[in-house]
Amino acid sequence: LWLLGLVAILAVGLAAALKTPADGSLHLEVLDAGHGGAILLQCPNGRTLLFDAGTLGNPDRLAETIRDAVWRRRLRRLDAVVLSHADRDHFSAAPRLFRLIPTGSLVISSTFLAPHQSETLDLCRDAETAGVAIELVVAGDRLRVDPAVEISIRHPPVGFTGSSDNSNSLVLEIVYAGRRILLTGDLEHDGQTQLTSGPGRAVDILLSPHHGSPRANSR
């Protein structure tokens, strides 16, 4: 009986440890990817979104860093992984990540699937094997992660094919409690021109394009 009681206590303790914090806040955590990118978003309802999962360093180590960050938040899965574009420093950790933690969907634009990008096609096969749904999005689409948080695609629009992978970067806009966050990947050149040609919107937090490269950040 005492053993059954101990098991019951451990089960209750584990359930409490995995319970999602309900503080009504939006949490955005920029993880250490070295030369790369990995930004973890936890919505007020506890659902999660990861923007990019790549590095020029050790991709397995980054996948473990992402997993550990999810576990520290007492979460058990990623609801969506959004990959901005087809450069290794933005997606290289994703195959290992899909094996480490349950993931709901992989969100990409069609430009991610260019025929000359064999690694990205392999990644989609890895996602399928892991039971991860693949969603293709364009500017104007919205990701329904939390009804209280507006998450929309700002770039690329339908039919846009930039002069480089960077120009094709998927740009994610997150609006919550009157605050606006813009995650830009490596957006530059004609892609940046396309984005800024539309109506201007005040942004509270901006991910500087292309890791802050002065050449990529036009006036």
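The values are calculated or read from the model by the stated rules, or taken from the named source; none is laboratory data. Just so you know, these numbers come straight off a predicted model, no measurement behind them. Counting neighbours? That spans all protein chains shown, and the Cβs are built from the backbone with ideal geometry, glycine included. SASA here: full protein model, heavy atoms, side chains in, ligands and nucleic acids out. Shrake-Rupley method; radii C 1.70, N 1.55, O 1.52, S 1.80 Å.
So the values come out like this:
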quantity: Test: residue in region 190-199 that is in contact with a Phe, Trp or Tyr (Cβ under 7 Å, 6 or more places away or on another chain), polar (S, T, N, Q), over 18 Å from residue 39 (Cβ atoms) and open to solvent by 50 Å² or more (accessible area, probe 1.4 Å); calculated: yes
quantity: Residues of region 128-142 classified as touching a Ser or Thr at 6+ places or on another chain (Cβ under 9 Å) and surrounded by fewer than 18 Cβ atoms within 10 Å (Cβ to Cβ), total; calculated: 10
quantity: Matching option when the condition is under 27 Å from residue 210 (Cα atoms), in contact with a Phe, Trp or Tyr (Cβ under 6 Å, 6 or more places away or on another chain) and open to solvent by less than 30 Å² (accessible area, probe 1.4 Å), among 80, 33, 94, 86; calculated: 86
quantity: Among (1) open to solvent by 20 Å² or more (accessible area, probe 1.4 Å); (2) outside any strand (DSSP E or B); (3) closer than 14 Å to residue 108 by Cα - the single one residue 185 does not satisfy; calculated: (1)
quantity: Subset tally (residues that are under 16 Å from the mean Cα position of the chain (by Cα) and surrounded by 20 or more Cβ atoms within 10 Å (Cβ to Cβ)) for region 102-127; calculated: 9
